[in-house]
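Asker: Sharing a structure here in structure tokens format.
The values are calculated or read from the model by the stated rules, or taken from the named source; none is laboratory data. Please read all numbers here as calculations on a predicted model, not as lab measurements. FYI the Cβ positions are ideal-geometry reconstructions off the backbone, even for glycines, and counts take in every protein chain you see.
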């Protein structure tokens, strides 16, 4: 099916997820870790979960080895996004977002069984671009939210082996807009194909709900070595629906006022981890992860009252992603732990597909993290973490930008600082 360039660039807003409308992502549009312990370890916690948040999100089997406790995390996330829509590079507004999370673990219905879980935001995207070009005004906006509740159980089979499972109950919210309005006094030809006034406008927020599962295993080989593995099923969502006005995407592709809808599922993923303690107070944890983005981010179909067709397929063309994490922690004394880590995630978006992902710049690859925990006494502990994801840019071929003659590009870097309060019962 023929698609206009304005439609191609708009797809990014339709397929992002997040608890806040920010580029809450290092691994595609997924946070590298939930909670400040996991963040400080650069997400390398499948074999070394240490609090309810890192266990419920990364490996629920780890809950079985935890004492009863609760944790609350608050994170300030600062993504810096830039794009070139064809007429010079511009930045996105609204670059600061909040990410809360809460988790717990407690004894369950039988010996060696525990119940736990968490409520948190795990991923997402949001941009807000407004540019006056020589031909008219371009507006690109997205606000996508993803939040998850994960009631979990863990079973300590023996002193070395634990298994666990989480029920992932999720909600996603999305609204997006990619429109162009030509100046009324502009009388010349413009070097791209868009309607004089129109585009894709699904700006009314819509909610969808989904469910999936996580299965985990943790095995302590000996006092020095622990291995862990998890499988996360896809989260299957109900469709997002928008009550919208007429759509005019150019090239004769139009839609009447009415209801538009689209499914966006969360991808399945597999993670394997190895944790080593060369000495009792020193932990080294490494992890490899595979995320099946291609199954959910290849083409996004928007159904509705389109002229001559029941849906428009938006081409994202994401590749599956491989992620490598390494984190280390050192117990300085009885009350202080320090940690740091590095993560690399292959970029799922190719340069050739830049124009289709300009307002979905999930392109960072490398990040460093640092963190610390202070045990304050009487069961209380305080954990902090900082992450910096280094800037990465993708650039598409000349002539594919939506609103001008220059080559399209997307750039993203990230900073995050979080504070977590924990209490051991």
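Asker: Quick test for you: out of 369, 393, 354, 373, pick the one residue that is within 27 Å of residue 140 (Cα to Cα), in contact with a strand residue (DSSP E or B) (Cβ under 7 Å, 6 or more places away or on another chain) and buried (at least 20 other Cβ atoms within 10 Å of the Cβ).
Answerer: 354
Asker: Which one is modelled with the lowest pLDDT, of the residues in segment 276-297 that are under 18 Å from residue 363 (Cβ atoms) and touching a strand residue (DSSP E or B) at 6+ places or on another chain (Cβ under 8 Å)?
Answerer: Looking at residues that are under 18 Å from residue 363 (Cβ atoms) and touching a strand residue (DSSP E or B) at 6+ places or on another chain (Cβ under 8 Å), I get 296.
Asker: Still on this structure, I have one more. Would you pick out the residues in segment 396-425 that are surrounded by fewer than 17 Cβ atoms within 10 Å (Cβ to Cβ) and free of Cβ contacts under 8 Å to residues at least 60 places away in the same chain?
Answerer: Within segment 396-425, 397, 398, 399 qualify.
Asker: Surrounded by 13 or more Cβ atoms within 10 Å (Cβ to Cβ), more than 30 Å from residue 56 (Cα to Cα) and in contact with a strand residue (DSSP E or B) (Cβ under 6 Å, 6 or more places away or on another chain), is that true of residue 265?
Answerer: No: the conditions fail for residue 265.
Asker: Another one. If you check 37, 120, which single one turns out to be touching a helix residue (DSSP H, G or I) at 6+ places or on another chain (Cβ under 8 Å), at pLDDT 95 or above and either in a helix (DSSP H, G or I) or under 23 Å from residue 240 (Cβ atoms) (or both)?
Answerer: Of 37, 120, the one residue that is touching a helix residue (DSSP H, G or I) at 6+ places or on another chain (Cβ under 8 Å), at pLDDT 95 or above and either in a helix (DSSP H, G or I) or under 23 Å from residue 240 (Cβ atoms) (or both) is 37.
Asker: Regarding segment 145-165, can at least one residue be identified that is within 25 Å of the chain's Cα centre (by Cα), surrounded by fewer than 17 Cβ atoms within 10 Å (Cβ to Cβ) and not in a strand (DSSP E or B)?
Answerer: Yes: one or more hits.
Asker: Out of curiosity, is residue 323 under 17 Å from the mean Cα position of the chain (by Cα), surrounded by 16 or more Cβ atoms within 10 Å (Cβ to Cβ) and in a strand (DSSP E or B)?
Answerer: Yes.
Asker: Do we find that residue 354 is under 22 Å from residue 298 (Cβ atoms), outside any strand (DSSP E or B) and touching a helix residue (DSSP H, G or I) at 6+ places or on another chain (Cβ under 8 Å) in this structure?
Answerer: no
Asker: Can I ask one more? For residue 219, only one of the following conditions fails: (1) assigned to a loop (DSSP other than H, G, I, E, B); (2) at pLDDT 85 or above. What is its number?
Answerer: Condition (1) is where residue 219 drops out.
Asker: Only residues that are part of a strand (DSSP E or B), at pLDDT below 80 and either touching a helix residue (DSSP H, G or I) at 6+ places or on another chain (Cβ under 7 Å) or surrounded by 15 or more Cβ atoms within 10 Å (Cβ to Cβ) (or both): list them for segment 182-200, please.
Answerer: 198 - this is the single residue of segment 182-200 that is part of a strand (DSSP E or B), at pLDDT below 80 and either touching a helix residue (DSSP H, G or I) at 6+ places or on another chain (Cβ under 7 Å) or surrounded by 15 or more Cβ atoms within 10 Å (Cβ to Cβ) (or both).
Residue by residue, here is whether (1) crowded, with 24+ Cβ neighbours inside 10 Å; (2) touching a helix residue (DSSP H, G or I) at 6+ places or on another chain (Cβ under 9 Å); (3) farther than 30 Å from residue 133 by Cβ holds:
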{"site": "56", "(1), (2), (3)": "yes, yes, yes"}
{"site": "62", "(1), (2), (3)": "yes, yes, yes"}
{"site": "70", "(1), (2), (3)": "no, yes, yes"}
{"site": "73", "(1), (2), (3)": "yes, yes, yes"}
{"site": "76", "(1), (2), (3)": "no, no, yes"}
{"site": "79", "(1), (2), (3)": "yes, no, no"}
{"site": "82", "(1), (2), (3)": "no, no, no"}
{"site": "88", "(1), (2), (3)": "no, no, no"}
{"site": "91", "(1), (2), (3)": "no, no, no"}
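Asker: Give me a count of the residues in segment 222-258 that are part of a strand (DSSP E or B) and on the phi > 0 side of the Ramachandran plot.
Answerer: Residues flagged as part of a strand (DSSP E or B) and on the phi > 0 side of the Ramachandran plot within segment 222-258 amount to 1.
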